[in-house]
Amino acid sequence: MPDLSSIRRDWFSNPRADILAGIVVALALIPEAIGFSVIAGVDPRVGLYASFSIAVIIAFTGGRPGMISAATASVAVVIIPLVRDHGVDYLFAATILMGVLQVIAGLLRLDLLMQYVSRSVVTGFVNALAILIFMAQMPQLTHVAPITYALVAAGLAIIYLFPRLTKAVPSPLVAIVVLTIITVYGGIQVNTVGDMGKLPTSLPVFALPNVPFNLETLKIIFPYSLTMAAVGLLESMLTAQIVDDFTDTPSDKAREMRGQGIANFVTGFLGAMGGCAMIGQSVINVKSGGSTRLSTLVAGAFLLFLLVVLSPLVARIPMPSLVAVMIMVSIGTFSWRSIKDVRHHPWQSSLVMVATVVIVVWSDNLAAGVMAGVVLSGLFFASKVKRMFAVASHLSDDGRTRTYRISGEIFFASAECFADAFDFKEVLDRVVIDLGDAHFWDITGVGTLDKAVIRFRREGTAVEVIGLNEPSLAMVERFAVHDKPDAEKRLAAH
Amino acid sequence: MQNILACVDTSSYAASVCDLAAWASRKLELPVELLHVVQRKDAVSGRHDLSGAIGLGVKSQLLEELTQIEEADARLQIERGRVLLAAGEEHLKAAGAIGIKPLHRHGGIVETILEREIDARIVVIGKRGASHEFAQDHIGSKIERVVRASSRPILVASRAIVTPQVVVLAYDGSPAADRALERCANSPLFLGMPVHVVMAGPDDQRHRTLIDKAVAQLGEAHEIRATLSSGRPEEVISAVVGETPGAILLMGAYGHLPLRTLIVGSTTTAMVRTVRVPVLLVR
């Protein structure tokens, strides 16, 4: 049970700043929730309920105070085919299953896997996310009246110039209000939020998704749920790391995973889509002074208040103003430094970053991009470590004994270099393989040592292996055959 | 090795914390660890920017800005802490403490105290911290948290200290009070000091028996007085403390759950607040 003092620290250490930040974030959540509902092909209601529900639940269940979670780009782009082919009820069912999978992931401590995601992959992920958010605005920017571009430009100008006037009011809100007034009173014909589909008019209702509960349904939703869960957790873990850095406080990543799961599980029953932590909105939160669970809760609750009470007004908001806000979020999410860094980072790191971006943007799947990035970084790492390998050899004075002195890491990637180090054609009585500075990492390495020893023996050369360190010796004793009686036979069976 | 953990900050209690720590050090023949925790400014909530606009490079910019704010403040705090620790060390030396080890740490005050108290026989802290300096008749919010979470006896310093001469033992028969009694009987801290056992409650058979038992347990080593008088505990005890020069109050602490305290208040808190002498709280 959390004690009183931790509740105070997590909730009420600075209520004024947290409430204000929560309100600013709620305003920044609206465009995103609507935008991605449109992308996913569902009513804005679905995304808006999701943002409300996820933010409010994660405020209690999450492991990273001050982080904002809601309906997100990364999840929305994954579910497009599901909604298109099977309908929105399957999305709700998939969201529930996504929650279950995330809770399981949290219980299995899969957050520890984040150690294997290198910095370049993270940067690639973040940049890809920014590009996805930007590309999601394209439908609002193609085949539209020219006035739309003027409105988007005006919106961006207000967002970036208004803070020079005052920082006491959220400039995205000012942009939305000003553009709404202009379009309504100026009689300008552009798409409005009301044109995008149904807005919420009441509190969400708890209901089972309208799908048959059988194996067939599970087969349809499971692949989507798995991807949604993976993508959601990835973005949440990355965002948690960013907020950790900003606030210089630690977070409980396993709890965050379980919390995300619980939030999505409940959200599915409320007739809403899945979501996860949001990088852009979390940055806005911290920038506005929010750092506790209270600001997350306020963001969610205030969002619902805005929608239920002000929905006739929200319906008249012109889409170009929301596009401007989303472009801002996209720009804020993008890692500007990574472009400058491409030039002086090692080429492998840059390649991993770019590959992650390209695969995500090409496949619309953040999880696929991250997998590719992780595999690539693993390969590059192996190829770098492989080079930490050297051989020296000398012939004894009588010309009958050669000593090979091997140093470095011997594993699957360096096994070939290891095998090539020996000259089997040389006529010798005895070979000494000194492995004092070498380390065997896997059975490929041990297998190569086997082959080398046995080849020498078939040439009639006696072989002595010396200097193995303790862990390597243990590997050799367990897996090698050259030191066992029927070595040739065993090697043939390999 | 065991020691006495003395916690100081920039409040006016630092001097009396040192005095008390030195007294405990002489009595227990243990060295003093003088702890000061650097309190960093919370830059996140300190910024006043509700513009909500984010742009290129916002993550690195914001991190840089937060770091700068905290860095400048932290440097100042560290310098201040060094001066404070040096002064404390001088003070302890003058007051006759045995072996002084200054310790400067970053982190939360309560968390750091709990971390360091593992080696401590007694933790000495001021009644109010620097953040509550001017709230008269309040006790610092951190003290209750330390006392509740700590497994060590906590010696709470009042603003002005005379070397403790007489132990006033607040006794109510509760398990926490029994532990305080036991400590009073056995600890070298109170060796040879007269003890005044005080109990608040009506003068009846039950209370008589309790107080007699307590007196018996203290044994021959101390000069003992006992008072049983009816009234609210904090009034009865502060009256006795008030007329005893050189008193140190010894009591069991926070026997109740935090929830009950939230509703009806805590006798411990009330007591620490009202008496103007050092208090040793035993959990």
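Of the candidates A:A150, A:A94, the single residue that is assigned to a helix (DSSP H, G or I) and in contact (Cβ under 8 Å) with a residue 12 or more places away in the chain is A:A94.
Reported count of residues in segment B:34-49, each being more than 14 Å from chain A (Cβ to nearest Cβ) and either surrounded by fewer than 22 Cβ atoms within 10 Å (Cβ to Cβ) or touching a Cys at 6+ places or on another chain (Cβ under 7 Å) (or both), is 1. Per the listing A:I7, A:I39, the residue uniquely within 12 Å of chain B (Cβ to nearest Cβ) and surrounded by fewer than 24 Cβ atoms within 10 Å (Cβ to Cβ) is A:I7.
How many residues does segment A:28-73 contain that are farther than 26 Å from A:A128 by Cβ and part of a helix (DSSP H, G or I)? Please lay out each step first, then the result.
Taking segment A:28-73 and keeping what is farther than 26 Å from A:A128 by Cβ, we get A:43, A:45, A:49, A:52-53, A:56-57, A:59-61, A:65.
Cutting the leftovers down to part of a helix (DSSP H, G or I) gives us A:45, A:49, A:52-53, A:56-57, A:59-61.
Of the residues in segment A:28-73, 9 are farther than 26 Å from A:A128 by Cβ and part of a helix (DSSP H, G or I).
For segment B:213-227, the condition holds for no residue, the condition being that it is in a helix (DSSP H, G or I), crowded, with 18+ Cβ neighbours inside 10 Å and not hydrophobic (A, V, I, L, M, F, W, C). Restricting A:G271, A:G280 to residues that are in the same structural domain as A:V193 (by TED's automatic domain parsing) and in contact with a Gly (Cβ under 8 Å, 6 or more places away or on another chain) narrows the list to A:G280.
Select, from A:S363, A:S414, A:S407, the only residue that is closer than 22 Å to A:S349 by Cα and surrounded by fewer than 17 Cβ atoms within 10 Å (Cβ to Cβ). Let's see the steps before the verdict.
Details: A:S414 fails: surrounded by fewer than 17 Cβ atoms within 10 Å (Cβ to Cβ); A:S407 fails: closer than 22 Å to A:S349 by Cα.
Answer to the check: A:S363.
If I go through segment A:262-276 residue by residue, how many of them are out of contact with any strand residue (DSSP E or B) (no Cβ under 9 Å at 6 or more places or on another chain) and either in a loop (DSSP other than H, G, I, E, B) or surrounded by fewer than 24 Cβ atoms within 10 Å (Cβ to Cβ) (or both)? Residues meeting the conditions: 6.
Exactly one residue out of A:V75, A:V100 is more than 30 Å from A:L141 (Cα to Cα) and under 21 Å from the mean Cα position of the chain (by Cα): that is A:V100. Among the numbered conditions (1) in contact with a helix residue (DSSP H, G or I) (Cβ under 7 Å, 6 or more places away or on another chain); (2) surrounded by 15 or more Cβ atoms within 10 Å (Cβ to Cβ); (3) away from chain B (no Cβ under 14 Å), the only one that A:T201 does not meet is (2). You will find that of B:V32, B:V44, the residue that is at pLDDT 80 or above and of a type in the set (V, I, T) is B:V32 and no other. Note on segment B:155-205: residues that are farther than 25 Å from B:R232 by Cβ, modelled with pLDDT under 85 and among the charged types (D, E, K, R) amount to 0.
Scanning segment A:362-418 for residues that are of a type in the set (S, T, N, Q) and either assigned by TED's automatic domain parsing to the domain that holds A:L113 or in contact with a His (Cβ under 7 Å, 6 or more places away or on another chain) (or both) returns a single hit, A:T403. Restricting attention to segment A:347-358, does a residue exist that is free of Cβ contacts under 8 Å to residues at least 40 places away in the same chain, outside the structural domain of A:V24 (by TED's automatic domain parsing) and of a type in the set (V, I, T)? Yes: segment A:347-358 contains one or more residues that are free of Cβ contacts under 8 Å to residues at least 40 places away in the same chain, outside the structural domain of A:V24 (by TED's automatic domain parsing) and of a type in the set (V, I, T).
In a residue-by-residue description of segment A:311-334, the property of being at pLDDT below 90, more than 30 Å from B:L63 (Cβ to Cβ) and β-branched (V, I, T) applies to at least one position.
Looking only at segment B:1-49, how many residues end up being in a loop (DSSP other than H, G, I, E, B) and more than 16 Å from B:K93 (Cα to Cα)? Before the answer, list the steps.
Step one: of segment B:1-49, the residues in a loop (DSSP other than H, G, I, E, B) are B:1-2, B:8-13, B:29-31, B:39-42, B:47-49.
Pick out the ones that are also more than 16 Å from B:K93 (Cα to Cα) and you get B:1-2, B:9-13, B:39-42, B:47-49.
Matching residues across segment B:1-49 total 14.
Taking each residue of segment A:168-194 that is outside any helix (DSSP H, G or I) and looking for partners that are of a type in the set (K, R) with beta-carbon atoms closer than 6 Å, six or more apart or interchain, yields A:T192/A:R316. Taking into account only those residues within segment A:243-261 that are within 14 Å of another protein chain (Cβ to nearest Cβ) and in a helix (DSSP H, G or I), which is farthest from the chain's Cα centre (by Cα)? Only one residue fits best here, namely A:T247.
Every listed requirement among (1) assigned to a helix (DSSP H, G or I); (2) over 24 Å from A:V361 (Cα atoms); (3) of a type in the set (S, T, N, Q) is met by A:S120 save one, (2).
Just give me the residues in segment A:181-209 being of a type in the set (S, T, Y) and closer than 19 Å to A:V308 by Cα, in sequence order. Hits for segment A:181-209 are A:T192, A:T201, A:S202.
Where in segment A:277-359 are there helices (runs of 4 or more DSSP H), lying fully within it, with 1 or more residues that are away from chain B (no Cβ under 14 Å), more than 19 Å from the chain's Cα centre (by Cα) and buried (at least 24 other Cβ atoms within 10 Å of the Cβ)? Walk me through it before giving the result.
Working: elements: A:279-287, A:293-314, A:319-333, A:336-344.
So the answer is A:293-314, A:319-333.
Residues of segment B:50-70 that are surrounded by fewer than 17 Cβ atoms within 10 Å (Cβ to Cβ) and either in a loop (DSSP other than H, G, I, E, B) or facing another protein chain (nearest Cβ under 8 Å) (or both): B:G55, B:L56, B:G57, B:S60, B:L63.
The values are calculated or read from the model by the stated rules, or taken from the named source; none is laboratory data. All of these numbers come straight from a predicted model, not from anything done at the bench. Note: ideal-geometry Cβ built from the backbone for every residue, glycine included; neighbour counts use all protein chains shown.
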